[in-house]
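The numbers here are math on the coordinates, done by the rules we state, and not lab data. Quick caveat: nothing in here was measured; it's all calculated off a predicted structure.
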Amino acid sequence: MLKTTYILIIALFLFQGVRAQSDSTLKKSPIKTLSDKRFTQLISGEYLFDDIEQVARLNHYPMPDAALKFKKELSLSPVQITKISAITAELHRKRVEMGNFIVTNETTLDKLMKKGTDNGSIIFYANRSGLYYGELRNAILQACLSTGNALAPQQITKLETLTAHN
């Protein structure tokens, strides 16, 4: 019984160490409305809006990173790999750009609300938030459209099967 307790305590400490290591990659969010995780995702261009590309996926336009992930299984040609890699790079650049705009805008809204402001400023920056999220959604959907156009129909069908199983 004592041996089991010691093992559990050691396992607990090891788990806490692993969890602390994974959390150490998060940057501290300076904004109350953004968690550290979401802040880090926004400024690093990580993908965090699963529902944005849903309309593309449901209409058989895949995410470019999914196509590259399964490039061997899809038998992508070098030309396809080059095109889709460029799409992926541009999408990442746009995610970082919009993420930084979103963070800046949220910071401004937070400051305005903290010090007190007029309705016009709130309307302006709140609407601007919608524009940034819309621009991000547009970039993702455009990337899906371009990826779908770069693939043959049978490659898209195979990719949908592969992604459904992973």
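What percent does the relative contact order of segment 27-164 come to when contacts are Cα pairs within less than 8 Å and at least six residues apart?
38 percent
Using Cα centres only, tell me the gap between segment 66-115 and segment 125-166 in whole Å.
11 Å
Stretched out fully, how many nm does the piece from His60 to Thr157 gain, at 0.36 nm a residue minus the Cα gap?
Working: separation 97, 0.36 × 97 = 34.92 nm, distance 0.80 nm.
Gain on stretching His60 to Thr157: 34.1 nm.
Just give me a number: lysine pairs in segment 27-164, eight or more positions apart or cross-chain, with C-alpha atoms less than 16 Å apart.
Here the count comes out as 11.
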